[in-house]
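Read the structure below first, then the notes.
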Amino acid sequence: MLRTFREHEVRPVESLDGRWDFVTAEERTGRAKLPRRYGRSIQVPSVWEMLPGLEAYRGRAWFRTRVRAKSGRALRLVFGGVSHTGTVYLNGQPVASHYDAFTPWQAVVAGLAEGEHELVVEVDNTFGPHSALHKENDYYTYGGIARPVVAEQLSEAYIDLLHARPRRLRGRWQLDLRIRLANWSDQPQRRRVRVQLAEATHDLGEATVPAGGHAEIAATLKGLDLPAWSLDAPVLHTLRAQLLDGPAIVDDQIDRIGLREVKVLGRKLLLNGQPIRLRGYNRHEDHPQFGCALPVAAMAHDLELVRDLGCNFVRTCHYPNDQRFLDLCDELGLAVWEESHARGVPFDAPRFRDQIADSTREMVQWHYNRPCILIWGCLNECDSASQPGREEHRRVIELLRSLDDSRPVTFATNKGTKDLCLDLVDIVSFNCYPGWYGGAPADIEPALRELLAWLGSDASGGKGKPVILSEFGAGGLYGHRHPNRAHWTEQYQCDVLDECLRVYLHHRDLVGAAIWQFADCRITDGHWKTRPRTMNNKGTVDEYRRPKLVYEVVRRRMREAAGGA
Ligand code: ADA
């Protein structure tokens with residue numbers, strides 16, 4: 001399923017995970033829009049690179065299964081993530097399409113006859129003018145239905161969105177609710193809305209949902225005397241929203257919330273009013289067996305290692321992550337910086353503006369309630385050093401703030417003292433690699449001193465704001481050891497990270513430090529051919545999660561900082 005818990009007790013839901021028919025464009029015969037024959041099957045969710053012979057396939061493929069519809073109900077298909085573009089056909093008719101591997105999307109289809117229907121999904125992971133965010137890059141764009149798929153049976157009026165924002169007022173918690181109802185039928189529908197939190201039930205009144213339209217209910221639950229969510233005590237509460245037609249509950253939506261508040265105060269980052277320091281990793285969704293379609297057990301293993309290393313923080317570089325990963329971070333009490341999908345993308349790509357807006361909007365829409373997400377990010381290492389680039393940063397940052405003003409906003413820059421956008425964000429974040437892309441470990445402390453001195457000037461735009469070192473690190477090839485401690489040896493990686501962590505983890509002007517990166521990851525073949533193994537080799541563990549020498553260096557430094565936190 002899409003989450004680590006049940007999202008519905010009333011709405012009928014079934015998983016469509018399992019074996020689907022599969023055929024690639026190369027294997028197809030005939031010129032029809034959809035294949036008539038499927039030569040093999042594939043596991044959903046997964047990526048097609050797991051199939052022998054398709055390890056580097058970049059193209060289109062078709063997936064087919066059967067799905068049930070019920071009379072008097074509309075069918076809602078929810079895709080956790082399709083990489084990177086999916087087009088859905090029901091009985092040969094196109095019903096929905098979505099670009100970007102990293103955000104969920106849905107198709108609602110009414111009027112289907114009772115019984116089984118053919119469901120086909122065309123998937124495309126090609127690069128080109130149609131794709132501004134997925135491109136040749138320092139991570140891999142896989143192909144496939146990479147996250148779970150569910151089929152739901154909707155009553156005429158149903159809950160389409162459930163957002164809950166915790167606030168702390170005079171020592172008590174309150175929860176601002178925003179509930180959006182949708183109506184697929186051709187008649188207006190009047191329904192009552194009820195929510196349950198902890199042991200209490202709250203009647204939020206009635207709403208009439210227009211035919212084919214929406215209605216919203218806003219309400220605030222006040223004086224909540226419930227335990228908070230924190231990194232040390234990540235208490236989650238189940239929030240149930242129910243839709244009633246007379247006495248009957250006709251629809252529901254379940255989520256989990258954490259009572260916590262994140263704020264910036266001067267140069268500090270506060271969680272529930274207390275200053276926190278973030279120490280952790282940048283993590284790609286990548287694995288040699290699963291591609292970007294990691295099973296939950298593999299995600300949980302990664303997080304167990306992150307915690308073993310003494311970390312409390314993960315940056316979802318450079319895109320929104322699987323909802324189940326965020327659920328695990330909620331459960332384990334890990335802080336998350338989640339960012340919409342962009343790594344060094346050119347702003348003049350034909351589809352950039354609409355695709356980055358969609359990724360940003362969908363990230364907030366689907367992940368708004370996650371207590372683990374403390375920071376929204378965007379536009380990693382894009383053009384923040386020109387006036388046109390500033391305009392694009394202002395546009396995306398304003399969109400982020402308009403969608404959610406409860407979390408601080410940042411972007412990770414590699415422009416250093418040339419950056420023109422630091423006035424636009426709440427937190428200033430620098431990617432810098434002294435000791436790797438130039439210099440030696442001895443240059444790490446002076447480089448930070450120089451950067452912070454500039455940042456403290458009025459000209460920087462970032463004066464007086466919290467600062468995160470959002471990326472730093474060095475490459476180390478697993479098993480490559482040499483007393484010369486040259487680049488790529490595990491020993492040199494230890495030297496760089498030991499010095500970085502010595503300087504960054506205790507620096508009074510920093511609120512966070514994230515190592516680049518947790519595990520080695522695959523990159524696209526055309527990208528930076530200098531990368532050994534066509535991989536980004538800066539992981540503390542290799543792609544199979546085997547610890548490099550640097551693991552113990554990081555663990556010692558992080559645990560020492562945690563003890564002193
Ligand atoms: C940049 C980028 C990362 C990765 C890193 C590196 O900071 O944000 O995605 O490419 O460089 O390994 O050089």
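Yes/no per residue for (1) touching a helix residue (DSSP H, G or I) at 6+ places or on another chain (Cβ under 9 Å); (2) within 16 Å of the ligand (Cβ to nearest atom):
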residue: Glu381; (1), (2): no, yes
residue: Leu399; (1), (2): yes, no
residue: Leu403; (1), (2): yes, no
residue: Ala412; (1), (2): no, yes
residue: Asp419; (1), (2): yes, yes
residue: Val425; (1), (2): yes, no
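Report yes if Asp383 is under 25 Å from Tyr99 (Cα atoms) and without any contact (Cβ under 8 Å) to a residue 24 or more places away in the chain, otherwise no.
no
Sort out which residues of the stretch 228-247 are without any contact (Cβ under 8 Å) to a residue 60 or more places away in the chain and exposed (fewer than 13 other Cβ atoms within 10 Å of the Cβ), and write them in order of number.
Gly246, Pro247
Identify all residues within the stretch 350-368 that are surrounded by fewer than 17 Cβ atoms within 10 Å (Cβ to Cβ) and assigned to a helix (DSSP H, G or I); write none if there are none.
Those that are surrounded by fewer than 17 Cβ atoms within 10 Å (Cβ to Cβ) and assigned to a helix (DSSP H, G or I): Arg353, Asp354, Ala357, Arg361, Gln365.
May I ask you to list the residues in the stretch 526-546 that are open to solvent by 60 Å² or more (accessible area, probe 1.4 Å), more than 24 Å from the chain's Cα centre (by Cα) and touching a residue at least 40 places away in the same chain (Cβ under 8 Å)?
Answer for the stretch 526-546, where residues must be open to solvent by 60 Å² or more (accessible area, probe 1.4 Å), more than 24 Å from the chain's Cα centre (by Cα) and touching a residue at least 40 places away in the same chain (Cβ under 8 Å): Trp528, Arg533, Arg546.
Under 8 Å by Cβ, and 6 or more places apart or on different chains, what pairs join a residue from the stretch 202-213 that is within 12 Å of Arg191 (Cβ to Cβ) and open to solvent by 40 Å² or more (accessible area, probe 1.4 Å) with one that is in a strand (DSSP E or B) and among the small types (Gly, Ala, Ser)?
What qualifies is Thr208/Ala215.
Every residue, every condition in (1) β-branched (Val, Ile, Thr); (2) on the phi > 0 side of the Ramachandran plot; (3) modelled with pLDDT of 95 or more, yes or no:
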residue: Pro94; (1), (2), (3): no, no, yes
residue: Ala110; (1), (2), (3): no, no, yes
residue: Ala113; (1), (2), (3): no, no, yes
residue: Glu122; (1), (2), (3): no, no, yes
residue: Gly128; (1), (2), (3): no, yes, yes
residue: Leu133; (1), (2), (3): no, no, yes
residue: Thr141; (1), (2), (3): yes, no, yes
residue: Val150; (1), (2), (3): yes, no, yes
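Return the residues of the stretch 274-294 that are open to solvent by 50 Å² or more (accessible area, probe 1.4 Å) and assigned to a loop (DSSP other than H, G, I, E, B); say none if nothing qualifies. Steps first, please.
Restricting attention to the stretch 274-294, the residues satisfying the condition of being open to solvent by 50 Å² or more (accessible area, probe 1.4 Å) are 274-275, 277, 288-290.
Correct list: Arg277, Pro288, Gln289, Phe290.
Restricting attention to the stretch 108-121, report how many residues are crowded, with 21+ Cβ neighbours inside 10 Å and within 24 Å of the chain's Cα centre (by Cα).
Of the residues in that region, 1 qualify.
Take Arg168 and tell me if it is in a loop (DSSP other than H, G, I, E, B), among the charged types (D, E, K, R) and either in contact with a Pro (Cβ under 6 Å, 6 or more places away or on another chain) or more than 16 Å from the ligand (Cβ to nearest atom) (or both). Explain how you work it out, then say what you get.
Working: in a loop (DSSP other than H, G, I, E, B): no; among the charged types (D, E, K, R): yes; either in contact with a Pro (Cβ under 6 Å, 6 or more places away or on another chain) or more than 16 Å from the ligand (Cβ to nearest atom) (or both): yes.
Criteria not met by Arg168.
Filter the stretch 323-349 down to the residues that are away from the ligand (no atom under 16 Å from the Cβ) and open to solvent by 10 Å² or more (accessible area, probe 1.4 Å), then identify the one that is farthest from Leu403 (Cα to Cα).
Checking each candidate, the answer is Leu332.
So how many residues does the stretch 488-518 have that are part of a loop (DSSP other than H, G, I, E, B) and open to solvent by 80 Å² or more (accessible area, probe 1.4 Å)?
2
With the structure loaded, tell me whether Tyr57 is under 28 Å from Arg351 (Cα atoms), modelled with pLDDT of 95 or more, of a type outside the set (Gly, Ala, Ser) and assigned to a loop (DSSP other than H, G, I, E, B) or whether it fails that test. Write out each step before concluding.
Working: under 28 Å from Arg351 (Cα atoms): yes; modelled with pLDDT of 95 or more: yes; of a type outside the set (Gly, Ala, Ser): yes; assigned to a loop (DSSP other than H, G, I, E, B): yes.
For Tyr57, the condition - under 28 Å from Arg351 (Cα atoms), modelled with pLDDT of 95 or more, of a type outside the set (Gly, Ala, Ser) and assigned to a loop (DSSP other than H, G, I, E, B) - is met.
Give the residues of the stretch 519-542 that are within 12 Å of the ligand (Cβ to nearest atom) and in a loop (DSSP other than H, G, I, E, B), sorted by residue number.
Asp520, Ile523, Thr524, His527, Trp528, Thr530, Arg531, Asn537, Lys538, Gly539
Looking at Tyr492, Tyr504, which one is under 22 Å from Asn312 (Cα atoms) and of a type in the set (Ser, Thr, Tyr)? Show your work before the answer.
Values: Tyr492 fails: under 22 Å from Asn312 (Cα atoms).
Being under 22 Å from Asn312 (Cα atoms) and of a type in the set (Ser, Thr, Tyr) holds for just one of Tyr492, Tyr504, which is Tyr504.
Looking at Thr126, Thr87 in this structure, which one is touching a residue at least 24 places away in the same chain (Cβ under 8 Å), outside any loop (DSSP other than H, G, I, E, B) and surrounded by fewer than 22 Cβ atoms within 10 Å (Cβ to Cβ)? Let's see the steps before the verdict.
On the way: Thr126 fails: outside any loop (DSSP other than H, G, I, E, B).
Answer to the selection: Thr87.
Looking at the stretch 295-317, I want the residues that are over 15 Å from Leu278 (Cα atoms) and have a partner that is open to solvent by 10 Å² or more (accessible area, probe 1.4 Å) and among the charged types (D, E, K, R) with Cβ atoms under 6 Å, at least 6 apart or on another chain. Which pairs are those?
Partner pairs satisfying both residue conditions: Val296/Arg324.
The values are calculated or read from the model by the stated rules, or taken from the named source; none is laboratory data. All of these numbers come straight from a predicted model, not from anything done at the bench. Note that we place each Cβ from the backbone using ideal geometry, even for glycine, and neighbour counts take in every protein chain shown. Only protein heavy atoms, including side chains, enter the accessible area calculation; ligands, DNA and RNA are left aside. Shrake-Rupley method; radii C 1.70, N 1.55, O 1.52, S 1.80 Å.
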